[in-house]
Amino acid sequence: MEHDDVIIGLEIHCQLNTRSKLFCGCSTDFRDDEPNTHTCPVCLGLPGSMPVLNKKVIEFAMRVAKALNCSVLKECDFSRKNYFYPDLNKAYQITQYDRPLAEWGKLMIEGEDGERDIRITRIHVEEDPGRSVHMGTTDRGKYTLIDYNRAGVPLIEIVTEPDLKSPKEARRFLNKLRATLEYLNVFDSEKEGSLRVDANISLKGSGRVEVKNISSYKGVEKALTFEITRQRNVIRRGQVVARETRHFVEARGITTSSRSKEEENDYRYFPEPDLMPMQVSDWVEGIVLPELPDARRERFMQQYGCSLEHARTLTGGLKLAEFYEQVAKADPDLAATWTADYLLGELNYRDFSIDAMPIVHFMELIGLLKADTITDKSGVEILRIILDQVKNGEKPEMPASIVNRLGLAKTGGDEITDMVRAVIAENPQPVADYHAGKGPALNFLVGQVMKKCRGRADPGHLNALLREELGKMQDGA
Amino acid sequence: MAKTLTFTPDDKVHAFITTIPEVSYEDGPLSGVTVAIKDNISTRGIETTCASQILKGYIPPYDAHVVTLLKSAGAAIVGKTNMDEFGMGTTTENSSFGPTLNPCDPGRVPGGSSGGSAAAVAAGYCDMALGSDTGGSIRCPAAFCGIVGLKPTYGRVSRYGLIAYANSLEQIGPMAKDVTGVSRLFSVIAGHDKRDSTSVDRPYIHTPNPSVKGLRIGLPEEFFGKGVDPKVADTVKKAVSVLEQAGAEAVPCSMPSMSHALAAYYVICTSEASSNLARFDGIRYGPGGDLRKSWHEEFSDRRQERFGKEVRRRIILGTFSLAAGYFGRYYQKAQTARQMVRDDFARLFGEVDMIAGPTMPSIAFKLREKSDPLQMYLSDILTVPANLAGVPAISVPCGQVEGMPVGLQLIGRHFEDEKVIDTAFAYEQGAV
Ligand SMILES: [Zn+2]
């Protein structure tokens, strides 16, 4: 796809994983609980209730601001964004408007043509509204239930400049951002609905389209790819791309035009009179950041000798990086290859996160590979067996026990030599072909031995052994 | 130990929206003292309406901070008092449950918006009452009904549970027959509350002291000039001379920002109100609605039907002031004017210790006398400056005009509520 003319900017809403909500003491850990059980007068917006700022949220947001190299304003405050919506209990959202927490930062990504900084316009803090649950199917039976468990959960909105050039870059930006937020320990990407993205996209010279309602990492790339194709088709037909807001329909992978009404909202922002302005610039000075993905990547290359590609992959998520560092104790090289190349592939295939792989099992597997007890092929087989057991809710079997049960130990020594001799004896014609200088005959013989030992022989070793035995025949002749 | 009393007033002036016939109370500094509460202060288990149809039937599941404090001080909470709907008015005629009458003359209004609270105390139904003061809503009815009412320094009393009208201006405050009563009630409700981020840790531990020796009292010419009934002005000047005899010094002064104060006040309070009242959609609170209609349709119908005319007017004014393209011309300009008022007070309080003037430019209006909203707004001119600046102000009865009470308003420095109370007490003692 030609990308020179694509301009993309993102607005990302992330739930911060503080224990309590932004303006009250209610717990944010509600996902397994009944609707409306994590509520109080404040997050229900009852008349007379007043917000009290949870300082932890500001601290979390400042960690993000610092990690993204933003400048933090000396003083910031909250504003009311007024609009009517059933799940917005006060009919206004407390957010930050003209004095946000932080402005002008950057985040480096691996772009289409090398590493590049993506500029961050601003970061601000706001409260999540409640959640509407639409019920009924027919027009007459339609009604909506509202769950306020989510109301008041802290969000940060991160707005980028239109610096992204392709859907792939947008996804990479989000992955990098997610990793950064995880490293900062302010965000749990596995919580449902913890990240929501609005994307602005335009083709050079065309109207800007805002795509709202994208709630997954993969969805962003899908929505943007669809939108680029759609806009190109519009232009190809000689029509004009209208400036509008569209919604991403995740299930169908398409965007649909939303009624223009929404764009005409006048939110009538004004400073929230129940909260005092905050002095934040001194506060941010005192915040100490943990090691971030880029720094960890460098360290992996130096400390463990990882390749750039492996280091980038292995530092792409906090849990993954921590997993690797555990396994690297056994053997950094094997650990890197087996984590980045084999394990991640198997996990992705099953839509699993790194949590699915029990580290004790994986470390034993690396041990078996290091001791040359099993072949790579058997290693992959063992990985698959363990992950399938996890998937079926069974207790995963230890690799050594799988090796024993299936007899996967690498064959070698006398056993393999016997097999080689037997194969030579059983296949006089290919042996003759080999001696006549026909190369492919050797491959056939290797295959025959492998068949006999059910793949447990090391291919290199087997090759050498066959040549040796065949050579002996010639010498003796 | 829990005790009970019965409360069955012959409420001829319609001071109450809700009364509690059997009241239980505990031991404490206010044990058995009957206290009425304005109906915009949340009371757990007791209907709280703000005198509006849109909140009819709303029973808060929690107590306002001041109510919690009153209960633990042993006060007997006897009922919820009538008011202008959501505090929007100066007469208590804007109640959807009908007006309250002035106990001094049932043909006149009690003032507002805390008219029910003032009338309940003035009529002797209860010992004390809580009001709320956004632009004079405690001091005006105190003046019109001949009782004492204090608007404390902004932040001294928690607003948690006060159903907001204009957050940046309003304070809950005490009302009683005399300064001692106001002081007692204030000592219970003042203090820090972590649930109100604008509240400050300045408890009130004080007994009124009538000494005003050497106190410099500023008399701004604007408080005695155009628009103020000369008979009221004269009465107040006489009251100031009582303080002079007790050793205070009267100093003429001026508050030029007064010319902007009223406009600034109405822009700010309506802006905040338009946002505060948006949550009342006729579905979440009140008698419920027609579920067959769409949410937007039902919502606008109910607001039209259940908000009174003055409330709708102020919501529309506030919505307009905040609208894109008008914000700078109205809301922001009003904030500038507000700062001018604060600066004026700061300057004056460098020269004087206290500012004195009439609470209201006239005596209580006759019922339905003020039908033009602008005329009504103008009568708040002397009370709104204290709200814009957040400084404490008290109204204490200081004589009569045409048989109706007149209030002396005393305005002090931030957090000098004690001095304001002492000065009012000195007048009260000296006038005996
Ligand atoms: Zn809550």
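Quick check on this structure: which one of B:109, B:78 is aliphatic (A, V, I, L, M) and over 22 Å from residue B:20 (Cβ atoms)? Break it down stepwise before answering.
Values: B:78 fails: over 22 Å from residue B:20 (Cβ atoms).
From the options B:109, B:78, the qualifying one is B:109.
What single numbered condition from (1) in a loop (DSSP other than H, G, I, E, B); (2) out of contact with any Pro (no Cβ under 7 Å at 6 or more places or on another chain) fails to hold for residue B:227?
(2)
Before we move on, is residue A:12 touching a helix residue (DSSP H, G or I) at 6+ places or on another chain (Cβ under 6 Å) and either away from the ligand (no atom under 16 Å from the Cβ) or small (Gly, Ala, Ser) (or both)? Steps first, please.
Values: touching a helix residue (DSSP H, G or I) at 6+ places or on another chain (Cβ under 6 Å): no; either away from the ligand (no atom under 16 Å from the Cβ) or small (Gly, Ala, Ser) (or both): yes.
So residue A:12 fails the test.
Among the residues of region B:8-29 satisfying the criterion of being within 22 Å of the chain's Cα centre (by Cα) and not polar (S, T, N, Q), which is nearest to the other protein chains (Cβ to nearest Cβ)?
The initial filter retains those residues of region B:8-29 that are within 22 Å of the chain's Cα centre (by Cα), namely B:11, B:13-19.
Add one more test, that the residue is not polar (S, T, N, Q), and what stays is B:11, B:13-17.
Details: B:11: 25, B:13: 27, B:14: 23, B:15: 22, B:16: 20, B:17: 15 Å.
Filtering region B:8-29 for residues that are within 22 Å of the chain's Cα centre (by Cα) and not polar (S, T, N, Q), the one nearest to the other protein chains (Cβ to nearest Cβ) comes out as B:17.
Within the bounds of region A:58-68, is there any residue that is acidic (Asp, Glu), more than 24 Å from residue A:175 (Cα to Cα) and in the same structural domain as residue A:192 (by TED's automatic domain parsing)?
At the first step, the residues of region A:58-68 found to be acidic (Asp, Glu) are A:59.
Checking the rest, the ones that are also more than 24 Å from residue A:175 (Cα to Cα) come to none.
No, region A:58-68 contains no residue that is acidic (Asp, Glu), more than 24 Å from residue A:175 (Cα to Cα) and in the same structural domain as residue A:192 (by TED's automatic domain parsing).
What are the residues in region B:287-297 that are away from chain A (no Cβ under 11 Å) and either crowded, with 17+ Cβ neighbours inside 10 Å or aliphatic (A, V, I, L, M) (or both), if any?
Initial filter on region B:287-297 (away from chain A (no Cβ under 11 Å)): B:287-290, B:293, B:297.
Once the filter is applied, which keeps residues that are away from chain A (no Cβ under 11 Å) and either crowded, with 17+ Cβ neighbours inside 10 Å or aliphatic (A, V, I, L, M) (or both), region B:287-297 yields only B:289.
Report yes if residue A:68 is within 14 Å of chain B (Cβ to nearest Cβ) and either under 25 Å from residue A:165 (Cα atoms) or surrounded by 20 or more Cβ atoms within 10 Å (Cβ to Cβ) (or both), otherwise no. Show your work before the answer.
Details: within 14 Å of chain B (Cβ to nearest Cβ): no; either under 25 Å from residue A:165 (Cα atoms) or surrounded by 20 or more Cβ atoms within 10 Å (Cβ to Cβ) (or both): yes.
No; evaluated as a whole, the condition is false for this residue.
Exactly one of (1) surrounded by fewer than 19 Cβ atoms within 10 Å (Cβ to Cβ); (2) within 16 Å of the ligand (Cβ to nearest atom) is unmet by residue A:115. Its number?
(2)
Of the residues that sit in region A:25-43 and are within 9 Å of the ligand (Cβ to nearest atom), more than 9 Å from every other protein chain (Cβ to nearest Cβ) and touching a residue at least 60 places away in the same chain (Cβ under 8 Å), which one is nearest to residue A:276 (Cα to Cα)?
A:43
Of all residues in region A:412-458, which are surrounded by fewer than 17 Cβ atoms within 10 Å (Cβ to Cβ), under 19 Å from residue A:372 (Cα atoms) and touching a Lys or Arg at 6+ places or on another chain (Cβ under 8 Å)?
Correct list: A:455 only.
Would you be able to say whether some residue in region B:198-214 is out of contact with any Lys or Arg (no Cβ under 9 Å at 6 or more places or on another chain), outside any loop (DSSP other than H, G, I, E, B), charged (D, E, K, R) and surrounded by fewer than 21 Cβ atoms within 10 Å (Cβ to Cβ)?
No, region B:198-214 contains no residue that is out of contact with any Lys or Arg (no Cβ under 9 Å at 6 or more places or on another chain), outside any loop (DSSP other than H, G, I, E, B), charged (D, E, K, R) and surrounded by fewer than 21 Cβ atoms within 10 Å (Cβ to Cβ).
From (1) hydrophobic (A, V, I, L, M, F, W, C); (2) assigned by TED's automatic domain parsing to the domain that holds residue A:324; (3) under 24 Å from residue A:467 (Cβ atoms), pick out the condition that doesn't hold for residue A:436.
Checking residue A:436 against (1) hydrophobic (A, V, I, L, M, F, W, C); (2) assigned by TED's automatic domain parsing to the domain that holds residue A:324; (3) under 24 Å from residue A:467 (Cβ atoms), the one that fails is (2).
What number of residues within region B:400-432 are within 15 Å of residue B:359 (Cβ to Cβ) and charged (D, E, K, R)?
Taking region B:400-432 as the starting set, the residues that turn out to be within 15 Å of residue B:359 (Cβ to Cβ) are B:400-401, B:404-412, B:420, B:423-424, B:427-428.
With charged (D, E, K, R) added as a condition, the list becomes B:428.
Residues flagged as within 15 Å of residue B:359 (Cβ to Cβ) and charged (D, E, K, R) within region B:400-432 amount to 1.
Which one of these does residue A:69 not meet: (1) out of contact with any Gly (no Cβ under 7 Å at 6 or more places or on another chain); (2) away from the ligand (no atom under 16 Å from the Cβ)?
With respect to (1) out of contact with any Gly (no Cβ under 7 Å at 6 or more places or on another chain); (2) away from the ligand (no atom under 16 Å from the Cβ), residue A:69 is out only on (1).
When you go through A:381, A:397, A:415 one by one, which is the residue that is acidic (Asp, Glu) and in a loop (DSSP other than H, G, I, E, B)?
Details: A:381 fails: in a loop (DSSP other than H, G, I, E, B); A:415 fails: in a loop (DSSP other than H, G, I, E, B).
Result: A:397 is the single residue among A:381, A:397, A:415 that is acidic (Asp, Glu) and in a loop (DSSP other than H, G, I, E, B).
Could you check residue A:24 against (1) at pLDDT 95 or above; (2) of a type outside the set (S, T, N, Q); (3) touching a helix residue (DSSP H, G or I) at 6+ places or on another chain (Cβ under 9 Å) and say which number it fails?
Every condition holds for residue A:24 apart from (3).
Given the options A:74, A:55, name the one that is more than 27 Å from the chain's Cα centre (by Cα) and within 14 Å of chain B (Cβ to nearest Cβ). Break it down into steps so the answer makes sense when it comes.
Details: A:74 fails: within 14 Å of chain B (Cβ to nearest Cβ).
Result of the check over A:74, A:55: A:55.
Looking at region A:361-378 only, could you name the residues that are in contact with a Lys or Arg (Cβ under 9 Å, 6 or more places away or on another chain) and part of a loop (DSSP other than H, G, I, E, B)?
A:372, A:373, A:374, A:375
If you go through region B:161-178 one residue at a time, how many are over 15 Å from residue A:48 (Cα atoms) and either crowded, with 24+ Cβ neighbours inside 10 Å or among the small types (Gly, Ala, Ser) (or both)? Quick ask: steps written out before the conclusion?
Narrowing region B:161-178 to residues over 15 Å from residue A:48 (Cα atoms): B:173-178.
Then drop every residue that is not either crowded, with 24+ Cβ neighbours inside 10 Å or among the small types (Gly, Ala, Ser) (or both), which leaves B:173-176.
Result for region B:161-178: 4.
How about region A:228-319: which helices (runs of 4 or more DSSP H) wholly inside it have at least 2 residues that are farther than 30 Å from residue A:340 by Cβ?
On the way: elements: A:281-285, A:293-304, A:308-314.
In region A:228-319, the matching helices (runs of 4 or more DSSP H) lie at A:281-285.
Would you mind finding the one in A:46, A:68, A:88 that is at pLDDT below 95 and not polar (S, T, N, Q)? I'd like the intermediate steps shown before the answer.
Working: A:46 fails: at pLDDT below 95; A:68 fails: at pLDDT below 95.
Step by step, each of A:46, A:68, A:88 is checked, and only A:88 is at pLDDT below 95 and not polar (S, T, N, Q).
Please work out which one of (1) farther than 30 Å from residue B:332 by Cβ; (2) more than 16 Å from the ligand (Cβ to nearest atom); (3) free of Cβ contacts under 8 Å to residues at least 40 places away in the same chain is the condition residue A:92 fails and give its number.
For residue A:92, the exception is condition (1).
Any idea which of B:98, B:89 is assigned to a loop (DSSP other than H, G, I, E, B), surrounded by fewer than 24 Cβ atoms within 10 Å (Cβ to Cβ) and small (Gly, Ala, Ser)?
On the way: B:89 fails: surrounded by fewer than 24 Cβ atoms within 10 Å (Cβ to Cβ).
The conditions single out B:98.
Just the residues that are more than 9 Å from every other protein chain (Cβ to nearest Cβ) and touching an Asp or Glu at 6+ places or on another chain (Cβ under 6 Å), please, taken from region B:299-318.
Those that are more than 9 Å from every other protein chain (Cβ to nearest Cβ) and touching an Asp or Glu at 6+ places or on another chain (Cβ under 6 Å): B:308, B:311.
Which number in (1) basic (Lys, Arg); (2) away from the ligand (no atom under 16 Å from the Cβ); (3) more than 19 Å from residue A:148 (Cβ to Cβ) marks the one condition that residue A:56 misses?
(2)
Looking at B:248, B:273, B:278, which is the one that is more than 28 Å from residue B:375 (Cβ to Cβ) and within 14 Å of chain A (Cβ to nearest Cβ)?
Working: B:248 fails: within 14 Å of chain A (Cβ to nearest Cβ); B:273 fails: more than 28 Å from residue B:375 (Cβ to Cβ).
Result: B:278 is the single residue among B:248, B:273, B:278 that is more than 28 Å from residue B:375 (Cβ to Cβ) and within 14 Å of chain A (Cβ to nearest Cβ).
The values are calculated or read from the model by the stated rules, or taken from the named source; none is laboratory data. Note that the coordinates shown come from a computational prediction; the quantities given were computed from them, not determined experimentally. In this analysis, Cβ positions are derived from the backbone assuming ideal geometry, glycine residues included, and neighbour counts consider all displayed protein chains.
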